[in-house]
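Please read the structure below before turning to the comments.
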Amino acid sequence: GFNLRGIEKKDIKRGDVLGTPDAPPNVAKEFKAQIIVIHHPTAIAPGYTPVMHAHTTQVAATVTEFLQKINPATGAVEEENPKFLKVGDAAIVKIRPVRPTCIETFEEFPEMGRFALRDMGATIAAGIVKEITEEYKP
């Protein structure tokens, strides 16, 4: 454990992340991710807003744009700007959490760069963060 001075216990909540002043954690307004659709009764279209589970935080997040549909085995681009994704599809997408969220790229910090998208009591998709496209600067 550790001690913090100047912060009340009531000000700390699940999903909060500590970092050093010289290398603070990234807080993203939007990020680019690679996802694979695991379960959905129909298809997913841009604008879909499930709950994103990343490390210990849960936040609603909108899949704003589908950039590329990719081959799940090879990573080769199969389609640019697909209109929808169905079960088994892998894609590069843009995701915008409804509030800025602490997240890192999978390449830099794997534990903070993985997430799941959940809706209707099921995991809809799993993914990794490729790039933070819009950072939150308080």
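FYI, it's all coordinate maths here, none of it is from the lab. Since this is a predicted model, take the numbers as computed values, not measurements. Backbone-built Cβ (ideal geometry, glycine too); neighbour counts: all protein chains shown.
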task: Could I have the simple spin-label model distance between T64 and F109, label points 7 Å from Cα toward Cβ, reported in nm to one decimal?
output: 2.1 nm
statement: When I38, I95 are arranged by how many other beta-carbons sit within 10 Å of their Cβ, fewest first, they go I38, I95
field: Packing-based exposure ordering (other Cβ within 10 Å, fewest first) of V37, V17
entry: V17, V37
statement: When R14, R96 are arranged by how many other beta-carbons sit within 10 Å of their Cβ, fewest first, they go R14, R96
- request: Starting from the Cα-Cα distance between E78 and E134, subtract it from 0.36 nm times their residue separation and give me the gain in nm to one decimal.
  value: 17.5 nm
task: For the chain, count all C-alpha to C-alpha pairs, find those more than 28 Å apart, and express that count as a whole percent of the total.
output: 21 percent
query: Simple spin-label model, 7 Å along Cα-to-Cβ: T49 to I7 in nm?
result: 2.9 nm
- prompt: For K32, which lysines qualify as cross-link partners when the Cα separation must be under 23 Å and same-chain residues fewer than eight apart are set aside?
  reply: K69, K83, K86, K94, K130, K137
- prompt: Peptides 46-53, 72-79, 28-35: what's the order by average Cβ count within 10 Å, highest mean first?
  reply: 28-35, 46-53, 72-79
query: All other residues with a Cβ under 14 Å from the Cβ of A45 taken together, and with Lys, Arg as +1 and Asp, Glu as -1, what is their net charge?
result: +1
- prompt: Measuring from a point 7 Å past the Cα of K29 along Cα-to-C-beta, which residues in the range 82-109 have an amide N at less than 16 Å?
  reply: 95-103
